[in-house]
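A.B. asks: This is the structure I want to talk about, given as C-alpha cells.
The values are calculated or read from the model by the stated rules, or taken from the named source; none is laboratory data. Not measured: the values here are computed from a predicted model. Note that we place each Cβ from the backbone using ideal geometry, even for glycine, and neighbour counts take in every protein chain shown. The accessibility values were calculated without ligands, DNA or RNA, using every heavy atom of the protein model including side chains. Shrake-Rupley method; radii C 1.70, N 1.55, O 1.52, S 1.80 Å.
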Amino acid sequence: MSLTQFAAMGLLVGAGAVGQQSSIVNTVHNLSASGPGAIRAATEEQVCIFCHAPHNASPVRPLWNRAMPADNYLIYTSRAFDAEPGQPTGMSKMCLSCHDGTIALGSVISRDDPILMSGGITSIPAGIAAHIGTDLRDDHPISFRYDSSLAAQDTRLRDPVTLPHEIRLDANGELQCTSCHDAHNNAFGNFLVMSNVGSQLCLACHQVGQTAVTAHQSCDSCHQPHTAPSGPYLLHQPTIAGTCLQCHDGSVPGAADIASSLESLSIHETHSQVDPDGDPVTHVSCADCHEPHTMLNGAGVAPAVHANFGAIDGVSASGSPLQTATTEYEVCFKCHADGAASMPWIGRLIAQNNTRLEFATGAVSFHPVQGPGRNQDVPSLLPGWTTSSVIYCSDCHNSSVAPLGGGLGARGVHGSAEEPLLAARYDTEDYTGESAQAYALCYRCHDRNSILGDESFSEHRKHIVGEDTPCAACHDAHGIASHQGTLMNNSHLINFATGIVLPNSQGRLEFIDDGLFAGTCYLQCHGENHSPERYPDD
Ligand code: HEC
Ligand code: HEC
Ligand code: HEC
Ligand code: HEC
Ligand code: HEC
Ligand code: HEC
Ligand code: HEC
Ligand code: HEC
Ligand code: HEC
Ligand code: HEC
Ligand code: HEC
C-alpha cells in the first residue's frame, strides 16, 4: 500500500462507515473501546491503530504497527506432508503478533505506552479458541511456497493457478493465514475469505477424491484447521480411530457401531497415535483399510476390494506396492505378507506367516483367496460354493456377530470373540468334542454331513468324532507355499500341527497323496503309531 492509499485509509477512518472500516467495525477485530467483542480497549477509540499506523510504524507493509514475534514456533509436520515450511513469514507473522498470545494486544509501535485493554487483559489468553499459540504443529501449515511443482509432487493438491480469486497467495507465492482469512471482513464468519459451506474453501486447494458416504462429505466431519488434537493430519481426536469412532460408536443413527467390535477378545488394535514411530506394519489404523476420502457404501464380490475401502493402497500378489488395491487381499498383504505383523497362530510342520505365499495361486494347496483352488473334488462344498469360487480373507476373519453369521453387528475385520479374529468359532485344541458350533467357521462353507459322512477322507468321522481331533491338527486353513511343500505331501491343505501330531516311532511324519480320496500317513497321534496307515483301505 502506498502512503497515498494509507492517507486515504486514514480519511476513511475519519469519514465514517465505508470500505475497510465498514467491514471491520462490527467484528471482533475492532479492538477499540466501542468494539463488539469481549476483548477490547478500555478507552482507545481508534480502530485501525492496533494493526496499522500512519507514521512511526514499522517498515513492513501495510504500514504495520506491531512488533514481530520471535521465531520460536514449532512447525507442522506429517509423513505425508510434502512442503517444507520454516518459521512463519510475512502476513502470518502479523496475525501471530496477536494470536500466538506472546505479545500484548495494546503494544503498538506508534505509541510509547501500550494501549490499555479493558478487564485487565493484556494478550489473547490461552484456552480460548483464538489462541493459536506458538505450537503450530496442530494448525494448518502456513508460510511455504504453494506452486505448480508442489501440486505436481502431491497429486491431491490442485494446481494453484486454478485458485478462485478470493484465495490469495502472497507476493512470494506462499500460503499464509491471509490465504484463508481476511482480517477486515467477517461476512463469512471466522474472517474467512470465502464461505466454507460444503467445504468449498478446503476444496479450492485440495482434491482428495469423492466419497458417496454423505456424512463424510464435509472435511470438518474429521478435520479442524487449528489446535487439532491429532497434530499430523489435523483430526478432531488424538487418533484416527478416535476421530472415526466419534460417530461409529453406536451414537449416530446409520453409522455402524465399530467401537463395540473393538472391545472384543481378538482385535486389530487401531488406537495407535497418528504417524507412530517404528515400522508401519506393526500399527493399524482405520485408514490402513478405509481410505478416508473415497469410501463408497457397501461390500464387494470376492476378490474385489470393498467399495467401503475406497481408493486404498496395497501390496500386489507379487509383492510390489500398489497405489490403489483392486482386491481385498492386497490390502491385507501390506502387513500380513512380507515382514508379517503377526506370528503363526499354530505351530506346524511347515511354518509360514507370509499369507501372500500361502495363498499364491502357484502354492501347493490353498484356500481360494487369490484365485480358484486346485482341487476339483471337494464334495463337502455347500450350495453357493464351488471349486471355481474365490473367497475373501474376511469370509473367515470378520466380526463374530456380523450378519455373515446371522448376527446383527457391524461387519468387518475389526474385532471378534473368536481368536484369531475369526468370523465364527473354530476350536483348535486337541480333544475337542465335535459339534456344529466347535467348527462353525468351516461348516459355513463345508457341509458337516458330508465331512462326517466321509465323502472324501474316509476316516474323517473316525478322527473328528471318534478321536476328538480338531480339523487344525491336519489342515492348515491358509495354504502351503510352493517352495516349502510338495503336491505329494501337502495337497488338501495337509500341514500337521506339531503340538498334536508327532513323528512315528521311525521318526517319520508325513502324508502321501495317493490320488483321488486316497493317501498314506506316517505319524503318531493320541499314542497311535501310523507306520503307515492308508485310506480308503486300512
Ligand atoms: C486486526 C488487525 C487489523 C486491523 C484492526 C486493521 N487491519 Fe488492515 N490489514 C491487516 C492485515 C493483516 C493486512 C495485510 C493483509 C491483507 O492484505 O489482507 C491489512 C491490510 C490493509 C490494507 C491493504 C490492503 C491490501 O490489499 O493491500 C488496507 C488498505 C487496510 N488494511 C486498511 C485498514 C483500515 C482502514 C483499518 C481500520 C478501519 C484496518 N485496516 C484495520 C490487519 C488489520
Ligand atoms: C489455499 C489453499 C488451501 C486451502 C484453502 C486449504 N488447504 Fe490444506 N493444505 C494446502 C497445502 C498447499 C498443503 C500442503 C500439502 C503438502 O505439502 O503435502 C495443505 C496441507 C493440509 C493438511 C496436511 C496434509 C499433510 O500431508 O500432512 C491437511 C490435513 C489439510 N491441508 C486440510 C485442509 C482442510 C481441512 C482445509 C479446509 C478447512 C484446507 N486444508 C484448506 C492448501 C490449502
Ligand atoms: C491486534 C491483534 C490482532 C491481530 C493482529 C489479528 N487478530 Fe484476529 N483476533 C484478535 C482478537 C482480540 C480476536 C477476538 C478473540 C475473542 O474474542 O475470542 C480475534 C479473532 C480472530 C478470529 C476469530 C473470529 C471469530 O469470529 O471468532 C479469527 C479467525 C482471526 N482473529 C484471524 C486473524 C487473522 C487471520 C489475522 C491476520 C491476518 C488476525 N486475526 C490478526 C486480535 C488480532
Ligand atoms: C487453510 C486455511 C486456513 C489457514 C491457512 C489458516 N486458517 Fe484460521 N481458520 C480456518 C478455518 C476454516 C477456520 C474456521 C474453523 C471452524 O469453523 O471451526 C479458522 C479459524 C480460525 C480462528 C478462530 C478460532 C478457531 O480455532 O476456530 C482463528 C483465531 C484463526 N483461524 C487464526 C488463524 C491464524 C492466525 C492463521 C495463521 C497462523 C490461520 N488462521 C491460518 C482456515 C485457515
Ligand atoms: C471421514 C473422515 C475424514 C474426512 C471427512 C476427511 N478426511 Fe482428510 N484425512 C482423514 C484421515 C484419517 C487422514 C489421515 C490419513 C492417513 O493417515 O492415511 C486424512 C488425511 C488428509 C490429508 C493428508 C493426507 C494426504 O494424503 O494428503 C489431507 C490433505 C486431507 N485429509 C484433507 C481433507 C479434505 C480437504 C477433506 C474434505 C474434502 C477431508 N480431508 C475429509 C480423515 C478424513
Ligand atoms: C461425523 C460422523 C462420522 C465420522 C467422523 C465418520 N463416519 Fe463413517 N459414516 C458415518 C455415517 C452416518 C455413515 C453411514 C451413512 C452413509 O453411508 O452416508 C458412515 C459410513 C461409513 C462407512 C460405509 C459403510 C458402508 O459400507 O456403507 C465406512 C466404511 C465408514 N463410515 C468408515 C469411517 C471411517 C474409517 C472414519 C474415520 C476415518 C469415519 N467413518 C468417520 C458417519 C461418520
Ligand atoms: C496396517 C497393517 C495391517 C493391515 C493392513 C492388516 N492387518 Fe491384520 N494385523 C495387523 C497387526 C499389527 C496385528 C496384530 C494385532 C494388533 O496389534 O492389532 C494384526 C492382526 C490380525 C489378525 C489376528 C492375528 C493374531 O495373531 O491375533 C488377523 C486374523 C488379521 N490381522 C487379519 C487381517 C486381514 C484379513 C486384513 C485385510 C483385510 C488385515 N489383517 C490387514 C496389521 C494389519
Ligand atoms: C478359510 C478360512 C481363512 C481364510 C480365507 C483366511 N484365513 Fe487367516 N486364519 C484362519 C484360521 C483358521 C487361522 C488360525 C490358524 C490356523 O488354523 O492355522 C488363521 C490365522 C491367521 C492369522 C494369524 C497368524 C497365522 O498365520 O496363523 C492371520 C494374521 C491371518 N490368518 C490373516 C489372514 C489373511 C491376511 C487372509 C487373506 C489373505 C486370511 N487370513 C485368510 C482362517 C482363514
Ligand atoms: C484390517 C482392515 C480394517 C481396519 C483396520 C478397519 N476396517 Fe472397517 N472394515 C473392514 C472390512 C473388511 C469391512 C467389511 C467390508 C464389507 O464386507 O463391507 C469393514 C467395514 C466397516 C464398516 C461398515 C460396517 C457395516 O456393517 O456397515 C465401517 C463403518 C467400518 N468398517 C469402519 C471402520 C473404523 C471406524 C475403523 C477404525 C476403528 C475400521 N473400520 C478399521 C476392514 C477394516
Ligand atoms: C468362505 C467359504 C469357506 C470357508 C469358511 C472354509 N472353506 Fe474350505 N474351501 C472353500 C472352497 C471354495 C474350497 C474349494 C477350493 C478348491 O477347489 O480347491 C475349499 C476347499 C477346502 C479344502 C480342500 C483343499 C484342497 O486343495 O484339496 C479343505 C481341506 C478345506 N477347504 C478345509 C477347510 C477348513 C478346515 C475350514 C475351516 C477352518 C474351511 N475349509 C473353511 C471354502 C471355504
Ligand atoms: C486326521 C486328519 C484330518 C482331520 C482331523 C480333518 N481332516 Fe479334512 N481331510 C483330511 C485328509 C487326509 C483329506 C484329503 C482327502 C482326499 O484324499 O481327498 C481331507 C479333506 C478335507 C476336505 C476336502 C474334501 C471335502 O471333503 O470336501 C475338507 C473340506 C476337509 N477335509 C475339511 C475338514 C474339516 C472341516 C475338518 C474338521 C471338522 C477336518 N477336515 C478334519 C484329513 C483330516
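A.B. asks: Just to be sure before I move on: is A438 within 27 Å of Q376 (Cβ to Cβ) and either within 16 Å of ligand 4 (Cβ to nearest atom) or assigned to a loop (DSSP other than H, G, I, E, B) (or both) in the structure I sent?
C.D. replies: No.
The rows are residues; the columns are (1) part of a loop (DSSP other than H, G, I, E, B); (2) in contact with a strand residue (DSSP E or B) (Cβ under 7 Å, 6 or more places away or on another chain); (3) of a type in the set (A, V, I, L, M, F, W, C).
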position	(1), (2), (3)
I109	yes, no, yes
D112	yes, no, no
I115	yes, yes, yes
A126	yes, no, yes
I142	yes, yes, yes
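A.B. asks: Please specify each residue of region 249-268 satisfying the condition of being away from ligand 8 (no atom under 16 Å from the Cβ) and either of a type in the set (V, I, T) or touching a residue at least 60 places away in the same chain (Cβ under 8 Å) (or both).
C.D. replies: Step one: filter region 249-268 for residues away from ligand 8 (no atom under 16 Å from the Cβ), giving 249-263.
Across region 249-268, the qualifying residues are V252, A256, D257, I258, S260, S261, L262, E263.
A.B. asks: Report whether or not G339 is touching a helix residue (DSSP H, G or I) at 6+ places or on another chain (Cβ under 7 Å), more than 16 Å from ligand 11 (Cβ to nearest atom) and over 20 Å from V305 (Cβ atoms).
C.D. replies: Details: touching a helix residue (DSSP H, G or I) at 6+ places or on another chain (Cβ under 7 Å): yes; more than 16 Å from ligand 11 (Cβ to nearest atom): yes; over 20 Å from V305 (Cβ atoms): yes.
Against the criterion (touching a helix residue (DSSP H, G or I) at 6+ places or on another chain (Cβ under 7 Å), more than 16 Å from ligand 11 (Cβ to nearest atom) and over 20 Å from V305 (Cβ atoms)), G339 qualifies.
A.B. asks: Please go through region 324-377 and pick out each residue that is in contact with a strand residue (DSSP E or B) (Cβ under 9 Å, 6 or more places away or on another chain), under 23 Å from A473 (Cα atoms) and of a type in the set (D, E).
C.D. replies: E358
A.B. asks: Looking at (1) assigned to a helix (DSSP H, G or I); (2) over 37 Å from the mean Cα position of the chain (by Cα), which is the only condition A472 fails?
C.D. replies: Only one criterion in (1) assigned to a helix (DSSP H, G or I); (2) over 37 Å from the mean Cα position of the chain (by Cα) is unmet by A472, namely (2).
A.B. asks: Moving to a separate point now. Picking from H271, H283, H226, H293, which residue would you name as being without any contact (Cβ under 8 Å) to a residue 24 or more places away in the chain and surrounded by fewer than 21 Cβ atoms within 10 Å (Cβ to Cβ)? Walk me through how you get there before you give the answer.
C.D. replies: Numbers: H271 fails: without any contact (Cβ under 8 Å) to a residue 24 or more places away in the chain; H226 fails: without any contact (Cβ under 8 Å) to a residue 24 or more places away in the chain; H293 fails: without any contact (Cβ under 8 Å) to a residue 24 or more places away in the chain.
Exactly one of H271, H283, H226, H293 is without any contact (Cβ under 8 Å) to a residue 24 or more places away in the chain and surrounded by fewer than 21 Cβ atoms within 10 Å (Cβ to Cβ), namely H283.
A.B. asks: Return yes or no: is A104 in contact with a Pro (Cβ under 6 Å, 6 or more places away or on another chain) and either at pLDDT below 95 or in a loop (DSSP other than H, G, I, E, B) (or both)? Talk me through it step by step, then tell me what you get.
C.D. replies: Numbers: in contact with a Pro (Cβ under 6 Å, 6 or more places away or on another chain): yes; either at pLDDT below 95 or in a loop (DSSP other than H, G, I, E, B) (or both): yes.
Against the criterion (in contact with a Pro (Cβ under 6 Å, 6 or more places away or on another chain) and either at pLDDT below 95 or in a loop (DSSP other than H, G, I, E, B) (or both)), A104 qualifies.
A.B. asks: Restricting to region 154-169, give me the number of residues that are under 29 Å from the mean Cα position of the chain (by Cα), open to solvent by 80 Å² or more (accessible area, probe 1.4 Å) and hydrophobic (A, V, I, L, M, F, W, C).
C.D. replies: Adding up the residues that qualify gives 0.
A.B. asks: Quick one: in region 353-369, of everything that is polar (S, T, N, Q) and within 26 Å of the chain's Cα centre (by Cα), which residue is most open to solvent (accessible area, probe 1.4 Å)?
C.D. replies: If we take residues in region 353-369 being polar (S, T, N, Q) and within 26 Å of the chain's Cα centre (by Cα), then N353 is most open to solvent (accessible area, probe 1.4 Å).
A.B. asks: Still on this structure, I have one more. Counting only residues that are closer than 17 Å to N495 by Cα and outside any loop (DSSP other than H, G, I, E, B), how many does region 357-383 have?
C.D. replies: Matching residues across region 357-383 total 4.
A.B. asks: Something else: Test each condition in (1) of a type in the set (A, V, I, L, M); (2) assigned by TED's automatic domain parsing to the domain that holds R156; (3) open to solvent by less than 70 Å² (accessible area, probe 1.4 Å) for V252 and report the one that comes out false.
C.D. replies: (2)
A.B. asks: Determine, yes or no, whether T239 is away from ligand 2 (no atom under 11 Å from the Cβ), buried (at least 19 other Cβ atoms within 10 Å of the Cβ) and within 26 Å of E328 (Cβ to Cβ).
C.D. replies: Here the answer is yes, as T239 does meet what is asked.
A.B. asks: Among (1) in contact with a Pro (Cβ under 8 Å, 6 or more places away or on another chain); (2) in a strand (DSSP E or B), where does E533 come up short?
C.D. replies: Condition not satisfied by E533: (1).
A.B. asks: Applying the selection to region 312-348, what residues are assigned to a strand (DSSP E or B) and either within 16 Å of ligand 5 (Cβ to nearest atom) or open to solvent by 40 Å² or more (accessible area, probe 1.4 Å) (or both)? Break it down into steps so the answer makes sense when it comes.
C.D. replies: Residues of region 312-348 assigned to a strand (DSSP E or B): 314-315, 321-322, 327, 348.
Once the filter is applied, which keeps residues that are assigned to a strand (DSSP E or B) and either within 16 Å of ligand 5 (Cβ to nearest atom) or open to solvent by 40 Å² or more (accessible area, probe 1.4 Å) (or both), region 312-348 yields G314, V315, P321, L322.
A.B. asks: Considering only region 70-100, state which residues are farther than 15 Å from T178 by Cβ and buried (at least 21 other Cβ atoms within 10 Å of the Cβ).
C.D. replies: Y73, Y76, D100
A.B. asks: Give L136, L175 a once-over and let me know the one that is more than 26 Å from the chain's Cα centre (by Cα) and either among the acidic types (D, E) or buried (at least 19 other Cβ atoms within 10 Å of the Cβ) (or both).
C.D. replies: It is L175.
A.B. asks: Any residue at all in region 195-214 that is within 20 Å of T294 (Cα to Cα), β-branched (V, I, T), surrounded by fewer than 17 Cβ atoms within 10 Å (Cβ to Cβ) and without any contact (Cβ under 8 Å) to a residue 40 or more places away in the chain?
C.D. replies: The answer is yes, given that some residue of region 195-214 is within 20 Å of T294 (Cα to Cα), β-branched (V, I, T), surrounded by fewer than 17 Cβ atoms within 10 Å (Cβ to Cβ) and without any contact (Cβ under 8 Å) to a residue 40 or more places away in the chain.
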